[in-house]
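Notes follow the structure.
The values are calculated or read from the model by the stated rules, or taken from the named source; none is laboratory data. As the structure is a prediction and not an experimental result, all values here were calculated from the model. Cβ atoms come from the backbone with ideal geometry, glycine included; neighbour counts cover every protein chain shown.
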Amino acid sequence: MSGIVTYSPAYTLVPTYECFNRCTYCNFRTEPGQSSWLKLSEAQRQLERLQSEGVCEILLLSGEVHPRSPKRKSWFQRIYDICELALELGFLPHTNAGPLSFAEMAQLKQVNVSMGLMLEQLTPKLLQTVHRQAPSKVPAVRLQQLEWAGELQIPFTTGLLLGLGETEADWWETLEVIAQIQQRWSNIQEVILQPHSPGHQQSFSASAFHPYQLPEVIATAREILPSTIAIQFPPNLLSDPKFILECIAAGATDLGGIGPKDEVNPDYPHTDLSFLAEILATAGWVLVPRLPVYPPYQSWLSPRLQAAVGQWQKVEG
């Protein structure tokens with residue numbers, strides 16, 4: 001077997017690490033009021049430095065400000081302004097900032113070529129355990145985001161976290177629901193299958209999701225999900241290169257955004273691209289960069305965003 005495996009040359013900007021959720025497995029958040037927000041001037045400094053480094057995607061990954069917080073409006077505006085700045089400097093923004101209102105999603109569509117939100121798991125029992133202090137992890141709230149993204153024609157990424165205390169049946173149920181949404185709206189570009197990987201900051205005491213299980217999950221996901229959805233996994237969370245090849249053989253085709261730091265899993269540095277390419281080459285696979293918006297979805301973008309994508313296609317071409 002051989003073919004192409006893709007990844008996105010990406011860099012993550014974090015508007016704020018503050019988050020009103022308290023997921024027990026999180027290694028990202030800080031308490032509200034305990035960390036400064038990313039200033040536009042600092043975002044510009046970082047982006048200008050990246051202009052000669054081949055980075056295409058700017059992932060805006062943010063902690064969540066409560067929808068009723070007086071800081072919500074300024075938080076959202078900061079995210080929008082950073083996306084606008086990234087576009088002006090020639091990058092393609094992708095935002096994942098937790099559940100948004102329909103109006104917020106519609107606004108961000110103007111300055112993002114794609115967006116995302118992890119479903120994690122749809123079983124409500126996690127609301128009694130790892131999500132007990134995470135109001136925005138209510139499954140219905142997160143499902144609504146996928147529906148709204150479809151209605152707004154936003155190319156979207158979602159995914160599952162594996163190893164939070166759910167069952168195998170929970171995995172298949174969540175994947176089936178994603179498949180149903182794709183049949184209705186055709187807006188989901190990719191599904192991430194992310195194994196729980198313990199970090200130094202979390203209070204969740206469960207062990208890591210074992211990598212040997214991931215190829216099996218990917219194989220079943222490939223059977224459940226429509227072929228229009230790419231399956232993605234994070235190679236830096238797999239301890240042995242053989243699991244990377246097994247995941248690809250099982251049906252995964254994408255390695256996600258790869259850049260200097262995995263902000264969600266800071267204890268697990270991103271795998272070196274040349275090393276990944278060598279691993280894949282041993283099995284006849286070729287590692288190829290991609291844009292954060294897949295070709296079938298580019299017609300959904302505004303003329304301005306289509307022009308920005310076209311500039312990157314010229315570079316890649």
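A single entry from 64, 104 fulfils the requirement of being within 20 Å of the chain's Cα centre (by Cα), acidic (Asp, Glu) and under 24 Å from residue 204 (Cα atoms): 64.
If you take the residues of the stretch 158-191 that are under 20 Å from residue 234 (Cα atoms) and polar (S, T, N, Q), which of them is surrounded by the most Cβ atoms within 10 Å (Cβ to Cβ)? Checking each candidate, the answer is 158. Within the stretch 306-315, does at least one residue satisfy the condition of being free of Cβ contacts under 8 Å to residues at least 40 places away in the same chain and among the β-branched types (Val, Ile, Thr)? Yes, there is a match, as at least one residue in the stretch 306-315 is free of Cβ contacts under 8 Å to residues at least 40 places away in the same chain and among the β-branched types (Val, Ile, Thr). Taken over the stretch 1-48, the criterion of being in a loop (DSSP other than H, G, I, E, B), among the hydrophobic types (A, V, I, L, M, F, W, C) and under 19 Å from the mean Cα position of the chain (by Cα) is satisfied by 14, 19, 23, 26, 28. Check residue 244 against each of (1) surrounded by fewer than 19 Cβ atoms within 10 Å (Cβ to Cβ); (2) not in a loop (DSSP other than H, G, I, E, B) and name the one condition it does not meet. Condition not satisfied by residue 244: (1).
If you filter the stretch 133-150 down to residues that are in contact (Cβ under 8 Å) with a residue 40 or more places away in the chain and closer than 19 Å to residue 196 by Cα, you find that the one that is surrounded by the most Cβ atoms within 10 Å (Cβ to Cβ) is 137. Within the stretch 24-50, the set of residues being farther than 19 Å from residue 265 by Cβ, at pLDDT 95 or above and polar (S, T, N, Q) comprises 41, 44, 46. Taking the conditions exactly as written (closer than 15 Å to residue 285 by Cβ and not in a strand (DSSP E or B)), does residue 231 satisfy them or not? Criteria not met by residue 231. Among the conditions (1) over 21 Å from the mean Cα position of the chain (by Cα); (2) among the hydroxyl-bearing types (Ser, Thr, Tyr); (3) buried (at least 17 other Cβ atoms within 10 Å of the Cβ), residue 123 misses just one, which is (1). Of all residues in the stretch 208-228, those that are among the aliphatic types (A, V, I, L, M) and not in a helix (DSSP H, G or I) total 2.
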